[in-house]
Amino acid sequence: MSHEKVLMKGNEALAEAAIMAGCHHYFGYPITPQTEVAAYMSKRMPKIDGGVFLQAESEIAAINMVIGVASTGKRVMTSSSSPGISLKSEGLSYLAGCDLPALVVNVQRGGPGLGGIQPSQSDYFHATRGAGHGDFHMIVLAPDSVQEMVSLVFHGFDLAEKYRMTTMILSDGTMGQMMEPVSLDMGEIKQYDKPWALTGTKCERKPNIVNSLYLQPEELEKRNFERYEKYKLIEETEPMFEEYKMEDAEVCIAAFGVAARVSQNAIDEARKQGIKVGMIRPITLWPFPKKAFASAAEKVKSFVSVELSMGQMVEDIELSVRCKRPVLLCNRAGGMIPTTQNVLDKIIEASKL
Amino acid sequence: MIVFEKPKALTDAVLHYCPGCTHGIIHRLVAEAIDDLGIQGRTIGVASVGCSVMAYNYFDVDMVQAAHGRAPAVATGVKRSDPNNIVFTYQGDGDLAAIGTAETVHSAARGENITVIFVNNAIYGMTGGQMAPTTLPGQVTQTSPYGRDVKTVGYPVKICEMLSQLDGAAYLERVAVNNVKNIKNAKKAIKKAFQNQVEGKGFSLIEVVSTCPTNWGLPPVKALEWLEENMIPYYPLGVYKDKYAEEVK
């Protein structure tokens, strides 16, 4: 299945991409709407030499199994949906504290609490700000197509290993469930040295220790400052975004994932009505493409953040443009998706500001 | 001729444990087992949260420090990554029998081919002596100041008895390190728990009944006496499960 395009469901394409990216260890727990990832892995992993699929007793156990494999230096992943991701938060903090690479997928559903099982983007804050206790970040990637469910898995593993940290794919029920033609050929996988990995000393080297405990505050502070130097570098070099019809735009839509797909239709519709509107679609939610929005603020008169939440990314846009321009919110929540008309109405409102 | 030396699987670091604490003996027994089996170069340890949190400083093998209660899940990942490695966890009673109960039960149920060293001293040591899942009925701790009242907080958890009901568990033995005879037995059991893993026999857990003189408020020798008089009657020593011995029968 190398060069040809195949028709696949988002969740399954993501799972196959992970395997092709060299991830032969998967740990998960059933939860809607991401269960296809686990089901696909359970079918494929036993057919791969050294492949491991394990259905854990809990989300907490699954993320800790991920920590176990990650500490040995191998590519590993887990996937879940919002309530399950809350349970994994402890492990996400430990992954950060131990500087371990891993890929975690959140196929978001509406919340809070048990919420619902329909698509949502309401874990934006969790992913970009509060994935667990302590000072840390994850790299957060937001696909808006099945093809990106594939390419961002490859890129996500690469970033995780390059920076020794967690990459989260922040997807949603729509991305997971929809079918599109995809190419799974992503070229060569870069190999990184992992002298820190637990492989057994073979009695030839000093023991490696994977640990997040530093009882001396000076030492813990030093670790945190070092980690934030790394984060600073990532914020400078790794932001990804895509612009759509921004050349002459007076209104700028900001949307990721499924919201970007809906917004694109609304933009085309608005342009037919003579409204100059474009879109910046963040692909990395952390690092947030601040510069793209800051420079757009020099050209456009207003922004509209289209979200499947009560308005979370809208804060990052306001911060990026330093409140120089009004930022409107076009949102549905609880599993509802904004319609083209919802977005169009908000574009018209924004164009009159 | 050298007749007594430090096991190779222990580093030269000075242990931080309180005077009279039995962690030191148990560390030594684990290291001796690793030495005896010649597995130091392929052993990976998982430290837990509790007094033994810094075990990674003491064992001269690759180590990972796990979140509270999660050591068996982390060990599962380490083991599944490379089944040729020998993976052990070193956990206390709060870690293994309270916050980590699910991880303990399910790693045993899966028959995960790992070795679990479970130190039961009936108290939360590191946080300063609170009631543990294994605190004895009537025992006074910081959070059971009038003695553990089973009417309101229930009964201690007997891990070996409980896990013995699981088909997945291969070997479960409760030992103590309060006298020379028991230490020798404990050594035998710990070595067997590692040997089982080398042979791919599956989940082995050794529960070591231990003292905590500091938080029990007793001098070390008195603590050993208290252990013998109170702990061992409630937590009888012995083999609770040996799947392969049963098969031989």
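The values are calculated or read from the model by the stated rules, or taken from the named source; none is laboratory data. Note that the coordinates shown come from a computational prediction; the quantities given were computed from them, not determined experimentally. Cβ: placed from backbone, ideal geometry, glycine included. Neighbour counts: every protein chain shown.
Here are some notes:
- Region B:208-233: number of residues that are within 19 Å of the chain's Cα centre (by Cα) and more than 23 Å from residue B:128 (Cβ to Cβ): 3
- Looking across region A:154-181, just one residue is surrounded by fewer than 21 Cβ atoms within 10 Å (Cβ to Cβ) and either at positive phi or β-branched (Val, Ile, Thr) (or both), and that is A:164.
- Only one of A:57, A:16 that is at pLDDT 95 or above, outside any helix (DSSP H, G or I) and of a type in the set (Asp, Glu): A:57
- The residue list A:54, A:87 contains one member that is away from chain B (no Cβ under 11 Å) and not charged (D, E, K, R), which is A:87.
- Selected residue (only one of A:174, A:199, A:166 is hydroxyl-bearing (Ser, Thr, Tyr), in contact (Cβ under 8 Å) with a residue 12 or more places away in the chain and not assigned by TED's automatic domain parsing to the domain that holds residue A:137): A:199
- The single condition from (1) in a helix (DSSP H, G or I); (2) crowded, with 20+ Cβ neighbours inside 10 Å; (3) not acidic (Asp, Glu) that residue A:86 fails is (2).
- Where residue A:105 falls short, out of the listed (1) part of a helix (DSSP H, G or I); (2) hydrophobic (A, V, I, L, M, F, W, C); (3) more than 10 Å from every other protein chain (Cβ to nearest Cβ): (1)
- Qualifying residues in region B:222-241 (those that are in contact (Cβ under 8 Å) with a residue 60 or more places away in the chain and exposed (fewer than 15 other Cβ atoms within 10 Å of the Cβ)) - the one farthest from residue B:184 (Cα to Cα): B:236
- Meets criteria (more than 8 Å from chain A (Cβ to nearest Cβ), surrounded by 24 or more Cβ atoms within 10 Å (Cβ to Cβ) and modelled with pLDDT of 95 or more) for residue B:124: yes
- Being closer than 20 Å to residue B:63 by Cα and surrounded by 12 or more Cβ atoms within 10 Å (Cβ to Cβ) is a property that does not hold for residue A:224.
- A search for C-beta distances below 9 Å between a residue of region A:301-324 that is of a type in the set (Lys, Arg) and any residue that is modelled with pLDDT under 95, counting only pairs 6+ apart in sequence or on different chains, returns A:301/A:353.
- Among residues of region A:48-61 that are farther than 13 Å from residue B:109 by Cβ, those with a Cβ under 6 angstrom from a residue that is among the basic types (Lys, Arg) and part of a helix (DSSP H, G or I), sequence gap 6+ or separate chain, pair up as A:52/B:80; A:59/A:88.
- Within region A:46-102, the set of residues being over 23 Å from residue A:115 (Cα atoms) and among the polar types (S, T, N, Q) comprises A:55, A:64, A:71, A:72, A:93.
- Residue match in region A:70-79 (condition: of a type in the set (Val, Ile, Thr), touching a helix residue (DSSP H, G or I) at 6+ places or on another chain (Cβ under 9 Å) and away from chain B (no Cβ under 14 Å)): no
- For region A:280-312, a tally of residues being basic (Lys, Arg) and under 18 Å from residue A:141 (Cα atoms) returns 3.
- Qualifying residue in region A:260-282 (condition: crowded, with 17+ Cβ neighbours inside 10 Å and under 16 Å from residue A:125 (Cα atoms)): yes
- Of all the residues in region A:115-127, those that are outside any loop (DSSP other than H, G, I, E, B) and farther than 16 Å from residue A:312 by Cβ number 0.
- The residues in region B:46-59 that are more than 9 Å from every other protein chain (Cβ to nearest Cβ) and either among the charged types (D, E, K, R) or closer than 14 Å to residue B:31 by Cβ (or both) can be counted, and the count is 3.
- Odd one out for residue B:70 among (1) closer than 22 Å to residue B:177 by Cβ; (2) in contact with a helix residue (DSSP H, G or I) (Cβ under 8 Å, 6 or more places away or on another chain); (3) within 9 Å of chain A (Cβ to nearest Cβ): (1)
- Scanning region A:184-207 for residues that are surrounded by 15 or more Cβ atoms within 10 Å (Cβ to Cβ) and more than 14 Å from chain B (Cβ to nearest Cβ), we see that the one that is nearest to residue B:61 (Cα to Cα) is A:186.
- When the strands (runs of 3 or more DSSP E) confined to region B:130-248 are screened for residues that are of a type in the set (S, T, N, Q) and in contact with a Ser or Thr (Cβ under 6 Å, 6 or more places away or on another chain), none reaches at least 2 such residues.
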